[in-house]
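To keep things clear, I will list the structure first and then write my remarks on it.
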Amino acid sequence: MIETAATGRALADLHSHRNAIEAPRVLKFHAPEIVFGQNSLGEVAHAALRLGARRPLVVSDGGLIEAGWVAHLTSLLIEEGLAPTVWSDLTPNPKDVEIEAGHVVYQESGCDVLVAIGGGSVMDAAKGIAILAGNGGSILDFEGVDQATRPIPPLVMVPTTSGTGADVSQFCIVTDTTRSTKITILGRALVPDITVIDPRLLTTMPEWLNAATGLDALTHGIEAFVSLGHNQLTDHHALRAVTMVTSHLAHTMTDPSDLGARTSMAQAALEAGLAFTNAILGATHAMSHQVGGLLDLPHGVINGVLLPHVIRFNAAHDPMPYVAVATSLGLAEARGSAEEAALAVAERVERLARQVGVPQGLKDIGVSDADIDVLATNALRDACMSTNPRSATHREMVDLFRTAL
């Protein structure tokens, strides 16, 4: 995205608005070393070596093995004199028991560095294994902020989807199989050491996964931009991500092999990840984590259903941040009132979600009215809710879930 004069003015107005209501803060910006570009997969072995690898654990899944990327990567590692072990016994939305089983493999194989090649589930699983390798215990012990206090093994991430942001984030999301919910583990130590982003790897994604991860990146951008944890270092990354996803996601659905569009989506996912790992997120993710834990569904699809409703909910409290989003998207309503701009952003998100095949409501993916009370209770406890720009009572959260049905 090239920032237009109108977007620049909207950002300046927003910063003036925020400066009037927010106290000055000392800012930190967390980011890994980033290697980006077509054919960059060959850099992974060099990255692992620089981190001291001799016996890396390669974490992946069956889909990536079938696509041939895991074999390609392990051959590159072996060519550099490394002795990799491959572990892929995990499912989408990685489960506590799976991560603990992966840790056993890490220990028994005498591994020293983790290399994750896959989507968000694979990268979160690698982070979970690293936490256990450094700290012991059960992965559920580390729910919350900075609960993993001991050093963890080095992490190299190779994302194969365009949206989760796990390759640059300080988040690890794990499904608690006993409570049928997702827990959030958050900490600076979870920011990977090196991420290698090769857009070629995005071309083998199934269509549904492309849609889901793209909408996840869009949600990251919007939630980071309006988050209470936002700052001037994250705002531009967030806004760029929103514009790039909106401009390129649908095209990658109709022309999956277009590497130009894939590169733009890879950058959008990266920008969104850099934004949200520093600004944190909001109610969409707090709610989505609960639905995903209950029904074991694709996270980005749930976000695509929920995000328009959360935008409207938050805009009722303060619509001003959405003016800059509407301006960057070229929406005519950006020239109207802030309320009109916010509603137009929600409508644009909804239109994109329908365009890429996301269901209209939560009931279409299996949520029932009987689930809502528990979902609302757990969403209010989620770490992402702490930075949502509007607080919510239990009644309001119930109503928001019901509106999204």
*Could you rank the peptides 113-123, 141-151, 84-94 by their average count of other C-beta atoms within 10 Å per residue, with the highest value first?*
113-123, 84-94, 141-151
_Label point distance in nm, residue 104-residue 50, each placed 7 Å from Cα along Cα→Cβ_ = 3.6 nm
*Find out how many positive minus negative residues lie around residue 28, taking Lys and Arg as positive, Asp and Glu as negative, among other residues whose Cβ is under 14 Å from that of residue 28.*
+1
_Could you tell me which residue out of 121, 338, 304 lies farthest along the dipole of the chain toward its positive end? Charges go on the beta carbon: Lys and Arg +1, Asp and Glu -1, centred on the Cα centre._
338
*asked:* I want to check the label-to-label distance for residue 257 and residue 368. Put each point 7 Å from Cα in the C-beta direction and report it in nm to one decimal.
replied: 4.6 nm
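If Lys and Arg each add +1 and Asp and Glu each add -1, what is the summed charge of the other residues whose beta carbon sits under 12 Å from the beta carbon of residue 43?
Counting the neighbours of residue 43, the net charge comes to -2.
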*Relative contact order, percent, of the chain when contacts are C-alpha pairs under 8 Å separated by at least 6 residues?*
16 percent
*Among residues other than residue 172 whose Cβ falls under 9 Å from its Cβ, what is the net charge (Lys/Arg +1, Asp/Glu -1)?*
0
*Put +1 on the Cβ of every Lys and Arg and -1 on every Asp and Glu Cβ in the chain; which of 134, 24, 370 then has its Cα farthest towards the positive end of the dipole?*
24
*Measure nothing but the geometry: give the 0 to 90° angle between the long axis through the Cα atoms of 120-135 and the longest principal axis through the Cα atoms of the chain, rounded to 10°.*
60 degrees
*Based on the mean of other beta carbon atoms within 10 Å per residue, what is the order of 48-55, 225-232, 31-38, 364-371, most packed first?*
225-232, 48-55, 31-38, 364-371
*asked:* Just to be sure I understand, if you calculate semi-axes √(5λ) of the Cα gyration tensor in Å for this structure, which of (i) 38, 26, 18; (ii) 41, 26, 20; (iii) 33, 23, 20 do you get?
replied: (iii)
*Calculate for the chain the 222 nm mean residue ellipticity that helices alone would give, adding -39,500 (n - 2.57) per DSSP H run of length 4 or more and normalising by residue count, nearest 500 deg cm²/dmol.*
-17000 deg cm²/dmol
_Size-normalised alpha-carbon gyration radius of segment 132-267, reference 2.2 N^0.38 Å_ = 1.15
*Expressed as an acute angle from 0 to 90° and rounded to the nearest 10, what is the orientation of the C-alpha long axis of helix 299-315 relative to the principal long axis of the chain?*
30 degrees
*How high is the relative contact order of segment 33-202, in percent, with contacts defined as C-alpha pairs under 8 Å that are six or more residues apart?*
28 percent
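Treat every Asp and Glu Cβ in segment 33-202 as -1 and every Lys and Arg Cβ as +1, leave all other atoms uncharged, and give the resulting dipole magnitude about the Cα centre to the nearest 20 debye.
180 debye
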_Using a Förster radius of 41 Å, what is the FRET efficiency between residue 339 and residue 78 based on their Cβ-Cβ separation? Nearest 0.05, please._
0.10
*Using a simple charge model, +1 on the beta-carbon of Lys and Arg, -1 on the beta-carbon of Asp and Glu, nothing else, what dipole does the chain show about its Cα centre, in debye to the nearest 20?*
640 debye
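No value in this document is a laboratory result; all are computed from the given coordinates. Not measured: the values here are computed from a predicted model. For neighbour counting, all protein chains shown are included, and Cβ atoms are generated from backbone atoms with ideal geometry for every residue, glycine included.
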